[in-house]
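Accompanying notes for the structure given below.
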Amino acid sequence: MSLSGNSSPQPTSTSTSESSSAPPRTPVKFGSPNNDFKFDIKSPLPPIRKQSLIFPNHPNSDVIICSSDQVEFHLQKKYLEASSGAFPPAEMSTNGEVVFLSESSATLEILFQFMYPRRYPSIDKLTFPALMLLAEAAEKYEVYSMIYACQIRLQEFLVTGSKAVLAFSAKHGYTDLIIRLAPIMVDTPISEVADILPPCYYRPWSIYRESWLNVMLSVAKLVPDHSCHNWNLLVKQVLSSLEKPSDLKSANLGLKLFSEYSVKSATSKSRRKFSDVPLSVDQCCQSKADEWKAAILSQVSRIPPLSIKAATS
């Protein structure tokens, strides 16, 4: 496997585009057992590209890598080899050729800093889209320090970027993130994750969500018997407010399903609105409502967490 090319030097040109006599790009394939991709190399062009401010030309640099937006990084192969499982070994000659990568300079600039023996830059302020691009690049080139940093940061987006994080985790086998996402995405229809999850994850994910749906269907069967006049109205309004599996979580039961009513007392006749219908219940109804809520929470507590051990064994 070699990165060297047999092309002849390219004639001088004042155009920013390649001349018709320029040697064609040569795709060079290499990687690791887990990655198989191609670098695109060719002989140097006239100076139409920018240089990275962090990795400018240096006497010790022995490889030039160019980003998709035409920014050159002058690097030392020994650091790339030591910090990556996918870049070529240091002894491999590139004969002065430029290695072209598909990632942008913004992504590569951070990635390469994680490959050098220096203090790593902070990625705490990266936007979610920029973080996802960086995480994919770290996986592609097997930059393990960057992989770990991205995994830590991705945990901040489990709620706001759940579907994208799920797709990334399923693609790269991060079962811990998938398990954490399952209760967060319990309201997501299974059809929306069918194209994201491979079979080894799709089956346990489906079983987990079905468990929540089964409890949701059982809520009506858990209603305690009570003969008070307002009890049936309270039951009807609670059931009509139950819209999705996450409504069964402890916080939502109190804030949504069992919150909008008041209890009569001997000295107060105050009322609150529940679904735009004034409802005031007696103490006995309050007791039955608490009993009902406890029965629901008991059913929820019996839902087993997502398990994908069988898929990874």
What are the principal axis extents of the Cα atoms in the range 169-233, in Å, biggest first? 57, 19, 15
Give me V215, V300, V165 ranked fewest to most by other Cβ atoms within 10 Å of their Cβ, as a rough exposure proxy. V300, V215, V165
Please list the non-local residues whose amide H lies under 5 Å from the amide H of V98, H modeled 1.01 Å from N, same-chain partners needing a gap of 5 or more. K42
How far is it, in nm, from the label point at I190 to the one at V159 when both lie 7 Å from their Cα along the line to the Cβ? 2.7 nm
Could you line up S227, S211, S246, S259 from fewest to most neighbouring Cβ atoms inside 10 Å? S227, S259, S246, S211
So what are the ³J(HN,Hα) numbers for the range 196-201, from phi and the Karplus equation (6.51, -1.76, 1.60; θ = phi - 60°), rounded to whole Hz, Gly and Pro as x? 9, 8, x, x, 5, 9
What's the whole-number percent of alpha carbon pairs in the range 76-219 lying beyond 20 angstrom? 55 percent
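The numbers here are math on the coordinates, done by the rules we state, and not lab data. Bear in mind the structure is a predicted one, so any value in this text is a computation, not a measurement. Reconstructed Cβ throughout: ideal geometry from the backbone, glycine too, with neighbour counts over all protein chains shown.
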